[in-house]
Amino acid sequence: MVDHEKMSTGTNDRPRDASIGQTATGLPDDSGAVIRATPQEEKAVRRALGEPSPRDTLKRQVDEEIKASERGSE
């Protein structure tokens, strides 16, 4: 291997042949801090991801039951 000059001395400073992320063998490095989200942040993320809220899910289920009863099938 050719000896190269370091390109960084920051947080990403590591040997060129070191694995990145959790692609290496052995135990994963999951020592990061737990993320705590407020209910408002959780709702915003769910909306951004397109996940229906519990209210929307319930409304859809009720609408389906109403339509089924109108068709005569339950």
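Each value in this text was obtained by applying a stated rule to the coordinates, not by laboratory testing. Everything quoted here is computed from the prediction, not taken from an experiment. FYI the Cβ positions are ideal-geometry reconstructions off the backbone, even for glycines, and counts take in every protein chain you see.
Structure above, values below:
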item: Ranked Val62, Val34, criterion: other C-beta atoms within 10 Å, fewest first; result: Val34, Val62
item: Net charge, Ser53 excluded, C-beta distance under 10 Å - Lys, Arg +1, Asp, Glu -1; result: +3
